[in-house]
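The values are calculated or read from the model by the stated rules, or taken from the named source; none is laboratory data. Because the structure is predicted, anything quoted here is derived from the model rather than measured. All Cβ positions, glycine included, derive from the backbone under ideal geometry; neighbour counts span all protein chains shown. Side chains included, ligands, DNA and RNA excluded: accessible areas come from the protein's heavy atoms. Shrake-Rupley method; radii C 1.70, N 1.55, O 1.52, S 1.80 Å.
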Amino acid sequence: PVRKLEKVAVVGGGTMGGGIAMNFVNVGVPVLLKEVNQEALDRGLGIIKANYEVVVKKGRMSEAQLDKNMSMIQGTLDYDDVSDADIVIEAVFENMALKKEIFATLDKVCKPGAILASNTSTLDIDEIAASTSRPEDVIGLHFFAPANIMTLLEIVRGKKTAKDVIATSMQMAKMIRKVAVLVGCCFGFVANRMFFPYVREAQLMILEGVAPERIDQVAFDWGMAMGPNAVSDLSGLDVLEKVRTEWTERPDDPVFFRMITKLVEQGRMGQKSGAGIYKYDGRNAASDPLVSELARTEAAALGVDQIEVSNEEIIERMRTDGSTL
């Protein structure tokens, strides 16, 4: 048996939360979008509208449909408004303390039987669930950025997640046209345990003097839809940096993800800020000499040698798996 999913709420109206909301609206399910203040809520609704406007410009949606979709998203600043939701999906940034605080609040305000889901990409679902009195209702729903486009959905079951919550989540994935993969609970689950060493090698090669665009081109020519640097910018370098800082068992190595850390310190978050590993004109990426200069400076500080790297080596170094963590 599955639970009904007629009322959906999303906590967090950022890029990820907005994308998640769009998935439900696109199949005719209204969404309540919760934010901390009016400015953040307006910004989140603006991001959603901008995403739809791109679809309109491509001729895949009418202005009337855009207006209808936006009318199906109701904003709120009050947790009490999510009290009758059948499922609440938390979509704030990767910080365990914040997520536990939100789930403790949801535990108090949500009706019995509501599914409490976290869009965490790496964190311990069991620890999040322990902040509630109903761990059987807690599950991980890891959407991938941009959430309104990417089809993969990792469904993370905790030790106490009820079977009907898992079944409902799997059915929900089909409803919103996602490909669901049920995974267990460990840091990074499955996708990110593969992704981290992939990005690690790309980051190290930048320090070693390999141009980011060359790395991405080799990956693309090999068969990837996008290279690791373009994907990192698309996901958000700030998101990857938060993941790094939350990873308690990360390698004790100052080189690890160094460029991402330094770029974020400079306010370069990726596509959404107009600059990351690349600089952007809209969604069009261009190489940035400032990144290569930063890489040389950081490499010198860390004692990383500048070396010649063949295309074959680029491929072999990125063909890693989770065991290399």
| query | To the nearest 10 degrees, how steep is helix 289-302 against the longest Cα principal axis of the chain, on a 0 to 90 scale? | reply | 80 degrees
| Lys, Arg +1 and Asp, Glu -1 on Cβ, resulting dipole of region 143-197 about Cα centre, debye, nearest 20 | 120 debye
| note | Which of Lys68/Lys100; Lys159/Lys272; Lys4/Lys49; Lys49/Lys108 exceed 30 Å between C-alpha atoms? The answer is Lys68/Lys100; Lys159/Lys272; Lys49/Lys108
| message | Could you put Met150, Met205 in order of accessible surface area, largest first, with the 1.4 Å probe and the full protein assembly present? | response | Met150, Met205
| How much net charge surrounds Ala286 when only the other residues with a Cβ under 11 Å from the Cβ of Ala286 are counted, with Lys and Arg +1 and Asp and Glu -1? | -2
| request: Decide, for region 234-325, between rounded, prolate and oblate: order the square roots of the alpha carbon gyration tensor eigenvalues as a ≥ b ≥ c, take rounded if a/c falls under 1.5, and otherwise choose prolate if a/b is larger than b/c, else oblate. | output: rounded
| Accessible area of Asp305, 1.4 Å probe, to the nearest 10 Å²? | 110 Å²
| request: Please identify the longest segment of the chain free of exposed GluC sites (Glu not before Pro), where exposed means a DSSP state other than H, G, I, E or B and no more than 11 other Cβ atoms within 10 Å. | output: 7-248
| request: Report which label in [x] 193; [y] 133; [z] 125 holds the value of volume of the Cα convex hull per residue in Å³ derived from the coordinates of this structure. | output: [y]
| request: Report the local net charge at Val2: Lys and Arg +1, Asp and Glu -1, summed over other residues whose C-beta lies under 13 Å from its C-beta. | output: +1
| field | CD proxy at 222 nm, helix term only [per DSSP H run n ≥ 4: -39500 (n - 2.57); per residue of the chain; nearest 500] | value | -14000 deg cm²/dmol
| query | Solvent-accessible area per residue for region 63-216 at a 1.4 Å probe radius, Å²? | reply | 40 Å²
| note | Of all trypsin sites (Lys or Arg not before Pro) in region 132-190, the ones in DSSP coil with at most 14 other Cβ atoms within 10 Å are Lys159, Arg177
| task | Quick one: order Cys186, Cys110 from most to least accessible surface, probe 1.4 Å. | result | Cys186, Cys110
| query | So how exposed is Val55, as accessible area in Å² (1.4 Å probe, rounded to 10)? | reply | 40 Å²
| Per-residue accessible area for Thr151 at 1.4 Å probe radius, Å² rounded to 10? | 80 Å²
| Is region 136-203 best put as rounded, prolate or oblate by its Cα gyration tensor, with a ≥ b ≥ c the root eigenvalues, rounded for a/c under 1.5, and otherwise prolate when a/b is larger than b/c, oblate when not? | oblate
| Which one of Leu77, Gly188, Val2 has its Cα pushed farthest toward the positive end of the charge dipole of the chain, where Lys and Arg give +1 and Asp and Glu give -1 at the Cβ? | Val2
| message | Loop-only trypsin sites (Lys or Arg not before Pro) in region 244-314, please: DSSP not H, G, I, E or B, and at most 12 other Cβ atoms within 10 Å. | response | Arg283
| message | With a cut-off of 8 Å between alpha carbons and a minimum separation of six or more residues, what is the relative contact order of region 34-156 in percent? | response | 19 percent
| remark: Length gained, Val181-Lys108, 0.36 nm per residue minus C-alpha separation, equals 23.3 nm
| task | Determine the share of the chain's accessible area contributed by carbon and sulfur atoms, expressed in whole percent, with a 1.4 angstrom probe. | result | 52 percent
